[in-house]
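A quick write-up on the structure given underneath.
The values are calculated or read from the model by the stated rules, or taken from the named source; none is laboratory data. Just so we're clear, the structure is a prediction, and the values are computed from it rather than from any experiment. Neighbour counts run over all protein chains shown; Cβ positions are idealised from the backbone, glycine included.
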Amino acid sequence: MSNNYDLVVLGGGPGGYAAAIRAAQLGAKVALIEQDQVGGTCLNRGCIPTKSLIACTNFYEKMQKAESLGLSAQNIAIDFAKVIARKNEVVAKLVKGLARLIEKNGIELIKGKGEVQSAGWIKVGNRDVQSRAMILATGSLSANLPGVTHDGKKVICSDEALELTSPPPRLDIVGGGVIGLHFAMIYSALGTTVTIYEAQPEILPGVDDEIVALVGRLLKRRKVEVKTGTFFDPQKTGGVSLVCVGRVPNLVGLEGLNLKLDGKRVWVNEKMETSLPGVYAVGDLVSLKQFAHVAYEQGVIAAENALGNSRTYNYDCVPYGIYTQPEIAGVGLTEKEARAKNPDILTGKFQFGALGIARAMGEIEGFIKFVADEKGKILGVHIIGPEATALIGMATLAIKNSLTIEQFGSTFQAHPSYPEGMQEAAEAVLKRALHI
């Protein structure tokens, strides 16, 4: 068992394991240190388990609409214990597969809590692990709410919300961001009375205003009460309170490095280098946008740079997806952000209700919106509706490659299909959409 490596990665979440795998692909001798399961928050307590629950609740809701499609379905019910069991099975299989992938790439997985002693030296229990370069990928922790005591029973975080044995009669969700919206959708579908408390003027900060307005109407239709501009008072609740007011970088175990910070985040430059030579950091520990796909990309870039390359990272074209019903996705500038920079921007919008495939599938809620500058350069695309998280990939590719509205609109799509809506929305910017 060696203790000397070309690269050691602290943290086995998306950024950490991506960095380790990329370094191993380049021929480096790599150690990956993880005190829990590989996959981090995303795989074990975030993205994947919540989507597993959403898959069940979305299908349940569609079954309740079977009559509108000419089907007769009676006595539809959810077995919550089986839903949770399936979620756990999905996570377990992916964790096992990831562990095999790490082994296949010749990466030594060291289980235990890493304590960084200095650049290139981490202590794991009684073992000293040393390397030429180091990548920190310790992720983030759920943020606490001042004045609210987390007890894991009456006041819970998202971790406990994924492990409830039965849907609570009432759930107060503190925080109207993506995490809060996901749980609001899940538990309202299960019959829970849900109230969202958001201290800001609107829910879903950073999302296009027109989408936020539609989401508000959809939540009202679900009987989810939304209280914006309101601080949560734990003394006035009679149910379970789920606190999801964001996440903060996890600096535990890094104290010995005395790293330069940027607010609560570890400071890094565009090459993912920290203030210490040979020490890189990625993912939620440093990121302005706490997404797994951001961590993946940062991990790959950090690994390549740690081995002598010179790649850079920026946040110019980062897509997001929100798995509400219907889905939400976006990339680039919102209309509001774009107008603040240039009042002469152009927009075009196409409603799913005017799209043949959406009508045929019975999924007509929502729209696709393009934002472009006066020369036709695509600045942003925002979608709420069926297949939004799949469709946004087209927009991301277009913005990444500086395509114009003319180029996007002239690339015709198969009929009938959801991508037709993307073409129509682009054509709407040019005032030549066919079906509106």
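Some observations on this one:
- Single unsatisfied condition, A199 versus (1) within 18 Å of L145 (Cα to Cα); (2) crowded, with 21+ Cβ neighbours inside 10 Å; (3) not charged (D, E, K, R): (2)
- Qualifying residue in the range 361-371 (condition: in contact with a Pro (Cβ under 9 Å, 6 or more places away or on another chain), surrounded by fewer than 16 Cβ atoms within 10 Å (Cβ to Cβ) and within 17 Å of I322 (Cα to Cα)): no
Quick grid of which residues meet (1) touching a Gly at 6+ places or on another chain (Cβ under 7 Å); (2) crowded, with 21+ Cβ neighbours inside 10 Å:
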position: N309; (1), (2): no, no
position: V318; (1), (2): no, no
position: Y323; (1), (2): no, yes
position: K341; (1), (2): no, no
position: F352; (1), (2): yes, yes
position: V381; (1), (2): yes, yes
position: P386; (1), (2): no, yes
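- Within the range 359-379, being out of contact with any Lys or Arg (no Cβ under 8 Å at 6 or more places or on another chain) and closer than 26 Å to K51 by Cβ holds for A360, M361, E363, I364, E365, G366.
- From E270, E335, residue being within 24 Å of the chain's Cα centre (by Cα), acidic (D, E), over 27 Å from E363 (Cβ atoms) and at pLDDT 95 or above: E270
- Among the residues of the range 83-131, those identified as surrounded by fewer than 16 Cβ atoms within 10 Å (Cβ to Cβ), basic (K, R) and touching a strand residue (DSSP E or B) at 6+ places or on another chain (Cβ under 8 Å) are K111, K113, R127.
- Residue check for I436: of a type in the set (V, I, T) and either without any contact (Cβ under 8 Å) to a residue 24 or more places away in the chain or not in a helix (DSSP H, G or I) (or both): yes
Residues are listed down the side, and each one gets a yes or a no for (1) in a loop (DSSP other than H, G, I, E, B); (2) under 22 Å from A81 (Cα atoms); (3) in the same structural domain as G348 (by TED's automatic domain parsing):
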| site | (1), (2), (3) |
| --- | --- |
| S166 | yes, yes, no |
| G176 | yes, no, no |
| Y187 | no, yes, no |
| Q200 | yes, no, no |
| G206 | yes, no, no |
| V212 | no, no, no |
| L218 | no, no, no |
| K227 | no, no, no |
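- Looking at G380, G421, G362, G348, just one residue is within 29 Å of the chain's Cα centre (by Cα) and at pLDDT below 95, and that residue is G362.
- Sole residue being assigned to a helix (DSSP H, G or I), in the same structural domain as G27 (by TED's automatic domain parsing), touching a residue at least 40 places away in the same chain (Cβ under 8 Å) and within 23 Å of A189 (Cβ to Cβ), chosen from V95, V91: V91
- Total residues in the range 29-66, condition more than 23 Å from the chain's Cα centre (by Cα) and of a type in the set (F, W, Y): 1
- Residue in the range 158-174 that is nearest to the chain's Cα centre (by Cα), counting only those that are crowded, with 21+ Cβ neighbours inside 10 Å and farther than 18 Å from T193 by Cβ: S158
- Residues of the range 268-309 that turn out to be among the small types (G, A, S) and at positive phi, as a count: 3
- Selection from the range 229-248 of residues that are part of a strand (DSSP E or B) and either touching a Cys at 6+ places or on another chain (Cβ under 7 Å) or among the aliphatic types (A, V, I, L, M) (or both): V240, L242, V243, V248
- Residue within the range 286-302 that is surrounded by fewer than 16 Cβ atoms within 10 Å (Cβ to Cβ), closer than 19 Å to L32 by Cβ, in contact with a Lys or Arg (Cβ under 9 Å, 6 or more places away or on another chain) and not basic (K, R) present: no
- In the range 207-242, residue surrounded by the most Cβ atoms within 10 Å (Cβ to Cβ) [restricted to those that are more than 25 Å from G330 (Cβ to Cβ) and of a type in the set (D, E)]: E225
- Elements of the type helices (runs of 4 or more DSSP H) sitting completely within the range 1-82 and holding at least 2 residues that are at pLDDT 95 or above, assigned by TED's automatic domain parsing to the domain that holds D284 and over 30 Å from P386 (Cβ atoms): these cover 14-25.
- Looking at I345, I357, just one residue is touching a residue at least 40 places away in the same chain (Cβ under 8 Å) and either surrounded by fewer than 20 Cβ atoms within 10 Å (Cβ to Cβ) or under 20 Å from G409 (Cα atoms) (or both), and that residue is I357.
- Test: residue in the range 252-262 that is out of contact with any Leu (no Cβ under 8 Å at 6 or more places or on another chain), part of a loop (DSSP other than H, G, I, E, B) and over 26 Å from T149 (Cβ atoms): yes
- N305 under 17 Å from M134 (Cα atoms), under 26 Å from the mean Cα position of the chain (by Cα) and surrounded by fewer than 22 Cβ atoms within 10 Å (Cβ to Cβ): yes
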